1. Here are the criteria: (1) touching a residue at least 24 places away in the same chain (Cβ under 8 Å); (2) within 22 Å of residue 133 (Cα to Cα). Tell me which single one residue 105 does not satisfy.
2. Suppose the filter is touching a residue at least 40 places away in the same chain (Cβ under 8 Å), over 23 Å from residue 30 (Cα atoms) and not charged (D, E, K, R); does residue 139 pass it?
3. Somewhere in segment 150-159, is a residue surrounded by 14 or more Cβ atoms within 10 Å (Cβ to Cβ) and hydroxyl-bearing (Ser, Thr, Tyr)?
4. Check whether at least one residue in segment 45-63 is within 17 Å of residue 121 (Cβ to Cβ) and polar (S, T, N, Q), and report yes or no.
5. For segment 2-58, which positions are surrounded by fewer than 18 Cβ atoms within 10 Å (Cβ to Cβ), under 19 Å from residue 115 (Cα atoms) and basic (Lys, Arg)?
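Nothing in this text is a laboratory measurement; each read-out follows from the coordinates by a stated rule. Computed from a prediction, not measured in an experiment: that's the story for all the values here. Using ideal geometry, Cβ is built from the backbone for each residue, glycine included, and neighbour counts are taken over all protein chains shown.
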Amino acid sequence: MQHSAAFSIRSYAEADLGAIRAMLAGLQEDEFKMESNRALWADGGAAYTDWMLEEAKANSGIVILAVTAADAPIGVMACWRAMDETDITVVPEARPHLYVSDLFVAASWRGRGVAGVLLAEAERHGRALGLAQMTIGVLAANGAARRAYEKAGFDEYEMLLRKRL
């Protein structure tokens, strides 16, 4: 896995569970600041984290962390093979993809290339699975994440528009 002078990337270990729960709760809190319809988890993200870990395990996925030299977690990324069986608007061979479900980098580490390294690992994993594309969701209001994803090579594909009633 990739490394930089300031941080390295490693696979999830059971001892990381608390740190991952905290980072995913932080991701949800950040998104809540942008969109008030985001749930704030009373359990600190425990149920969501457990679900995410199971999805990765069941679908040829990976969960990786960015850590400091002292092994302190500063970021997390989870991805897995996904198949949208219900999307009959695309040809069947275009339905399988690597889905990046979660990407979080601690605020003090943002803008330092951590997200790009995590996404590069996801891309490497997707290629190893023989997949031709990967997807990631982002809130329209999250300009910093959108810029990071575009820098990593993501292009807009489909947009969901909303009208508040």
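1. Checking residue 105 against (1) touching a residue at least 24 places away in the same chain (Cβ under 8 Å); (2) within 22 Å of residue 133 (Cα to Cα), the one that fails is (2).
2. no
3. No, segment 150-159 contains no residue that is surrounded by 14 or more Cβ atoms within 10 Å (Cβ to Cβ) and hydroxyl-bearing (Ser, Thr, Tyr).
4. yes
5. 10, the sole residue that qualifies.
Here's the yes/no breakdown for (1) out of contact with any helix residue (DSSP H, G or I) (no Cβ under 9 Å at 6 or more places or on another chain); (2) touching a residue at least 40 places away in the same chain (Cβ under 8 Å); (3) over 26 Å from residue 15 (Cβ atoms); (4) not aliphatic (A, V, I, L, M):
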{"position": "34", "(1), (2), (3), (4)": "yes, yes, yes, no"}
{"position": "39", "(1), (2), (3), (4)": "no, no, yes, no"}
{"position": "42", "(1), (2), (3), (4)": "yes, no, no, no"}
{"position": "48", "(1), (2), (3), (4)": "no, no, no, yes"}
{"position": "63", "(1), (2), (3), (4)": "no, yes, no, no"}
{"position": "75", "(1), (2), (3), (4)": "no, yes, no, yes"}
{"position": "89", "(1), (2), (3), (4)": "yes, no, yes, yes"}
